[in-house]
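Take a look at the structure set out below.
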Amino acid sequence: MKVSVIIPCYNERDTIEQIVTAVRASPVKDVEIIVVDDFSTDGTLAVLKDKVEPIADRVIYHPRNRGKGAALRTGFAAASGDVILIQDADLEYDPNDYPSLLEPILSGDADAVFGSRFMGGRPHRVLYFWHMVGNRFLTLLSNMLTNLNLTDLETGYKAFRASLIKTVQLREDRFGFEPEITAKLARAHCRIYEVGISYSGRTYAEGKKINWKDGFRAIFAILRYNLFP
């Protein structure tokens, strides 16, 4: 079964080659790697053209910055695999976790799998307390409206059957993608699994981008896509 790995990328010149190399070396061998650059301005383009294009299956360049959600939509449309997996362009998530993420889909039990940073006992870098609180709050609010029992709504590791995700109409351009896709999967009564993953979070000095504005947008998205579908 072919797996399409979608890597949305924005200003990740220091990590993008490393993560694409790690994906290529992952335990899953039949992998299609699609990088979607969201109009990077920090020198990432040179790395993509010189180092990444030769090892990725496809690199797509947005002509303007549109956000992670928009980059994912571009990647989903271009993917040709049976399963689509999201891989952030930083080094926070480890491609060695792919077998765990994919197993419930490959066995026919799941339509979507979320990698949870809060279950399973995998290594987890200790960082921001208030980020954890915010994530737990957003997860709780989402669970109350979807009637799911997720532990990590905002996880960057999600995998889907391609035939499913390609039919979902997605609107959010930035980090609102996470609550939007969760609400729409729940409303469609999809089979969602969670698996424990490792996590090597980075600091803002190391390039972390999500901020408090994205938290408020996530609240809006949770309410919008659950109460007014």
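Scanning the range 46-80 for residues that are assigned to a helix (DSSP H, G or I) and either on the phi > 0 side of the Ramachandran plot or surrounded by fewer than 17 Cβ atoms within 10 Å (Cβ to Cβ) (or both) returns Ala46, Lys49, Asp50, Lys51, Ala77, Ala78. Can you tell me which residues in the range 22-56 are within 18 Å of the chain's Cα centre (by Cα) and among the β-branched types (Val, Ile, Thr)? If the condition is that a residue be within 18 Å of the chain's Cα centre (by Cα) and among the β-branched types (Val, Ile, Thr), then Val23, Val28, Val31, Ile33, Ile34, Val35, Val36 are the ones that fit.
Looking at Glu12, is it outside any helix (DSSP H, G or I), surrounded by 24 or more Cβ atoms within 10 Å (Cβ to Cβ) and either in contact (Cβ under 8 Å) with a residue 12 or more places away in the chain or not basic (Lys, Arg) (or both)? When the stated conditions are applied, Glu12 passes them. Tell me which residues, restricted to the range 100-120, are under 17 Å from Gly201 (Cβ atoms) and assigned to a loop (DSSP other than H, G, I, E, B). Result: Arg117, Phe118, Met119, Gly120. Among the residues of the range 86-108, the ones that are under 11 Å from Gly156 (Cβ atoms) and in contact with a Leu (Cβ under 8 Å, 6 or more places away or on another chain) come to 1 in all. Selection of the range 154-184 for residues being of a type outside the set (Val, Ile, Thr), over 23 Å from Pro95 (Cβ atoms) and part of a loop (DSSP other than H, G, I, E, B) yields Gln169, Leu170, Arg171, Glu172, Asp173, Arg174, Gly176. Within this structure, Asn96 passes the test of being in a helix (DSSP H, G or I), surrounded by fewer than 19 Cβ atoms within 10 Å (Cβ to Cβ), polar (S, T, N, Q) and modelled with pLDDT of 95 or more. The set of residues in the range 137-149 that are more than 17 Å from Asp214 (Cβ to Cβ) and surrounded by 20 or more Cβ atoms within 10 Å (Cβ to Cβ) contains only Thr146. Applying a threshold of 7 Å to beta carbon distances and a minimum spacing of six or more residues, or different chains, the list of pairs starting in the range 133-153 at a residue that is closer than 12 Å to Phe114 by Cα and ending at one that is surrounded by fewer than 17 Cβ atoms within 10 Å (Cβ to Cβ) reads Thr151/Met119. Within the set Gly176, Gly156, the sole residue that is surrounded by 15 or more Cβ atoms within 10 Å (Cβ to Cβ) and over 16 Å from Ile222 (Cβ atoms) turns out to be Gly156.
All of Ile105, Ile86 fail the test of being among the β-branched types (Val, Ile, Thr), surrounded by 20 or more Cβ atoms within 10 Å (Cβ to Cβ), more than 22 Å from Glu17 (Cα to Cα) and out of contact with any Pro (no Cβ under 6 Å at 6 or more places or on another chain), apart from Ile105.
Does the range 84-92 contain any residue that is within 19 Å of Asp214 (Cβ to Cβ) and assigned to a strand (DSSP E or B)? The answer is yes; a qualifying residue exists. Scanning for something over 16 Å from the mean Cα position of the chain (by Cα) and either over 28 Å from Thr15 (Cα atoms) or modelled with pLDDT of 95 or more (or both), does the range 148-159 turn up at least one residue? Checked the range 148-159: at least one residue is over 16 Å from the mean Cα position of the chain (by Cα) and either over 28 Å from Thr15 (Cα atoms) or modelled with pLDDT of 95 or more (or both). Screening Gly134 with (1) modelled with pLDDT under 95; (2) surrounded by 15 or more Cβ atoms within 10 Å (Cβ to Cβ); (3) under 17 Å from the mean Cα position of the chain (by Cα) gives one miss only, at (3). Any residue at all in the range 17-27 that is over 24 Å from Lys166 (Cβ atoms), touching a strand residue (DSSP E or B) at 6+ places or on another chain (Cβ under 9 Å), outside any helix (DSSP H, G or I) and not hydrophobic (A, V, I, L, M, F, W, C)? Looking for residues that are over 24 Å from Lys166 (Cβ atoms), touching a strand residue (DSSP E or B) at 6+ places or on another chain (Cβ under 9 Å), outside any helix (DSSP H, G or I) and not hydrophobic (A, V, I, L, M, F, W, C), one finds none in the range 17-27, hence no. Residue check: Glu32 meets all listed conditions (1) under 17 Å from Ala159 (Cβ atoms); (2) outside any strand (DSSP E or B) but one, namely (2).
The values are calculated or read from the model by the stated rules, or taken from the named source; none is laboratory data. The structure presented is a predicted model; accordingly, all values stated were derived computationally and were not measured. Don't worry about glycine lacking a Cβ; one is built from the backbone with ideal geometry, like all the others, and counts go over all protein chains shown.
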